[in-house]
Structure formats: structure tokens, C-alpha cells
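Below you'll find the structure, written out as C-alpha cells, and then a few comments.
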Amino acid sequence: MRGVDPEAAYRTMKTLTSVWEVASERMLGVVARRLARGVTEPGWAESKSREVLLVRAELQAVVARYLADGMEAEAQAALDAAYGIGERVAEQLGEVAATTNPDRVTALVTRFVGQLQGTVVPVIRAHEDVYQRAIQDSESLMATGTIVRREAVAQAVADLVQAGEERFVDRSGRRWHLDAYVRMAGRTAAAQSAVEGQLDGLVARGRDLVVISDSPRECRKCQPWEGKLLSITGGTAIGSEVDGHRVAGTVEEAREGGLWHPNCTHRADVFTPGFTRVPVARENPEGYREQQRLRKYERELRDLKRGLSAVEELGDTQVGRAYRREIRAHTARLAAYAEATGQLRRRERERPVG
């Protein structure tokens, strides 16, 4: 019996993560609109420099409007639903059992909410920095005497967005756009909750063994576990043979070894002696590389659209027209690549707000 598809569980989080994606877009808009006001008036730079606290207040207002109330309850509901998806997979065995394990879901909720709350201060600070840097950089461009202020500000904003200066740094030191980080965290939490629901359901029905599916897009972290027989509880001796197949380890060991990392696509299929066919693991490093390159093209396209949205606040500019040309070219390149490689094109991943 096929295990729960981790990717399918993400739909339970879409409403919640979409709110954060909108907030991410609004924050860059706050910066761009504030820079655009009075851009043709004398003393623009001095005036904008005095408005830093106003920009901070507007950014905080975005956070308060979109992210403040009800987040924990919404996360709880979403991950409860994901857990239920996993439970329903176990229910296909046809045996009645009580499987709900609220402690597991609560722990995932706490971690997810903590991840998102931890982004608020650094992401506000990053957008403040973009605002201040744009003032300074546009003044430097103006000093050349070859560009009008509107174009100078648009170019400064574009350069900063292109460099990812509005990204924040997470605890591991990695730089993230808020929307990408939220998608990753939401997808991971939902997948983990769904898998937990399935595994708890299997244990409640007296099942202890699962076999990890073969994924066409495995990475080095999870590839060693493909086609391996695992004990959910550790109750089945490691190294023992069941129906001619060796028990390679526990689910917890596999998880600690990298299985079900963010965006992992592997299932834990139910193992029934005499019925389950254990898949032969087939390495496909090229498929993984192709997928990662497509993700790179998607990120680049999102960055271009994010930059265009910001510079459009300054009206019709050469920078904006250049963005549109580049977006058309990049979209065509991405589409051609997806068709040539057979990789699934997900258009929602090509937009800053999905």
C-alpha cells in the first residue's frame, strides 16, 4: 500500500502561507512607494532620510495586519488536517484504531510558528536597509550627471533587489526571501505532520514496517534509504530478515540521516510480507540536478518580477522596460528547459506571491 505523498499535504497550509507571501510583497512595496513620493522634488534625499522611522512603522503595520492574530490556531488547524491525510492512508488497511497523537502535531505547530515569528525582526531590518541604501546609491548615480533622479532611484532599487538585499538571514546563516522561506517551512511542516499521521496509524494497527519509495528526484541525503525496509518503533530487530528483506534501520534513524528533509518527495509505503514489492532503488542524479536547475530558474524569475513590481512604483522608467524584456526572455528559457528535460513546470513557483 502506497504511503502518504508528502507534497500532497502542503495544500493544507496554502491559506496560511499565502498570507505571508502577500505580506512579503507588500513590504517591498512599502519601500518603493515611500521612495517614489516626491522623487522629482528638490531635497528628495534629505526628505527621504528623515522618513526612516515612518518606513519602519509602515513595515510593522504590514506585519500587524497580515501576520499577527490567529497564526498559531491556523497553523494548528492546517497541521491537524495534514495529520488527518496521513491517518486516512493507514485507515485503508480496513482495521479500526484510535491514532490521534496531539503531542506530535503540537510540537510541529510550535516549531513552525517559531520559525515564522523569528523572521519578523530580521526581515523588517532588511527592508529598512534597502530603503536607506537606495537613497545613498541613487545619490551616487545622480553625481555622474548622466541620469535623472527617477531613473537613478529605479536603478538603485533594481540593483538592490537583484543582489537580494531585502532577504533576511536565518539561524544557519542562509539568506532567504520571506516568501520562499515560508513555502519551505510550510511544505516541510505539512509533510512531516502527514507522515506522522500515517506512521501513528500503522502502529495503532499493529504494523511496524515500511519501505521507502524510489523517487525520480532523490538527493544524496535520502538516496541511501530508497528501497530500504524500516521499523517504525524499533520493535523489529535491525538486521533481521522479513520475507527475504533485511530491516535496514528505524524510521528515526533514517529521519536523522536526512530522509524527509525540506521538499523531500519520498513515501513510507506499508510493508506487508508476501504482498509488498520492494522497489529497486535507481539512482537519478541527473534528474535531481535538472530539478534543482529548474528551481534556480524559478527563483531568478521571481526575483525579476519582484524587482519589476518595485520599480513600477516609480512610474514608466527605462529600468522597468528592461525588466519586462528580461522577464519575457527568462520565461521563454524556463519553459524551453522544462519541456526539454520533462521537469514539471509549476507556474505558482514563478510568481513572487503564489
Residue tally, condition more than 17 Å from residue 265 (Cβ to Cβ), surrounded by 19 or more Cβ atoms within 10 Å (Cβ to Cβ) and not aromatic (Phe, Trp, Tyr), over segment 160-184: 9
Flag for residue 210 being assigned to a strand (DSSP E or B) and either in contact with a Phe, Trp or Tyr (Cβ under 9 Å, 6 or more places away or on another chain) or not assigned by TED's automatic domain parsing to the domain that holds residue 256 (or both): yes
Entirely in segment 250-354, the helices (runs of 4 or more DSSP H) that have 2 or more residues that are polar (S, T, N, Q): 285-311, 318-341
Positions within segment 140-160 being assigned to a helix (DSSP H, G or I) and of a type outside the set (A, V, I, L, M), in sequence order: 140, 149, 150, 151, 155, 159
Residue satisfying all of: in segment 256-308; on the phi > 0 side of the Ramachandran plot and under 15 Å from the mean Cα position of the chain (by Cα); surrounded by the fewest Cβ atoms within 10 Å (Cβ to Cβ) among these: 263
Boolean, residue 333 is over 20 Å from residue 10 (Cα atoms), surrounded by fewer than 18 Cβ atoms within 10 Å (Cβ to Cβ) and not aliphatic (A, V, I, L, M): yes
For residue 137: the one exception among (1) part of a helix (DSSP H, G or I); (2) touching a Lys or Arg at 6+ places or on another chain (Cβ under 9 Å): (2)
Residue that is nearest to residue 213 (Cα to Cα) [pool: residues in segment 19-49 that are touching a residue at least 24 places away in the same chain (Cβ under 8 Å), of a type in the set (S, T, N, Q) and surrounded by fewer than 17 Cβ atoms within 10 Å (Cβ to Cβ)]: 49
Selection from segment 250-280 of residues that are without any contact (Cβ under 8 Å) to a residue 24 or more places away in the chain and out of contact with any strand residue (DSSP E or B) (no Cβ under 6 Å at 6 or more places or on another chain): 252, 253, 255, 256, 275, 277
Helices (runs of 4 or more DSSP H) lying entirely in segment 1-79 (those with 2 or more residues that are modelled with pLDDT of 95 or more and polar (S, T, N, Q)): 44-49
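A quick yes/no check of all residues on (1) free of Cβ contacts under 8 Å to residues at least 12 places away in the same chain; (2) over 27 Å from the mean Cα position of the chain (by Cα); (3) not assigned by TED's automatic domain parsing to the domain that holds residue 15:
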residue: 51; (1), (2), (3): no, yes, no
residue: 64; (1), (2), (3): yes, no, no
residue: 105; (1), (2), (3): no, no, no
residue: 116; (1), (2), (3): no, no, no
residue: 135; (1), (2), (3): no, yes, no
residue: 146; (1), (2), (3): yes, yes, no
Selection status of residue 160, touching a residue at least 24 places away in the same chain (Cβ under 8 Å), more than 19 Å from residue 313 (Cβ to Cβ) and either in contact with a Gly (Cβ under 9 Å, 6 or more places away or on another chain) or aliphatic (A, V, I, L, M) (or both): no
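The values are calculated or read from the model by the stated rules, or taken from the named source; none is laboratory data. Keep in mind that this is a model prediction, so the values were computed, not measured. Neighbour counts run over all protein chains shown; Cβ positions are idealised from the backbone, glycine included.
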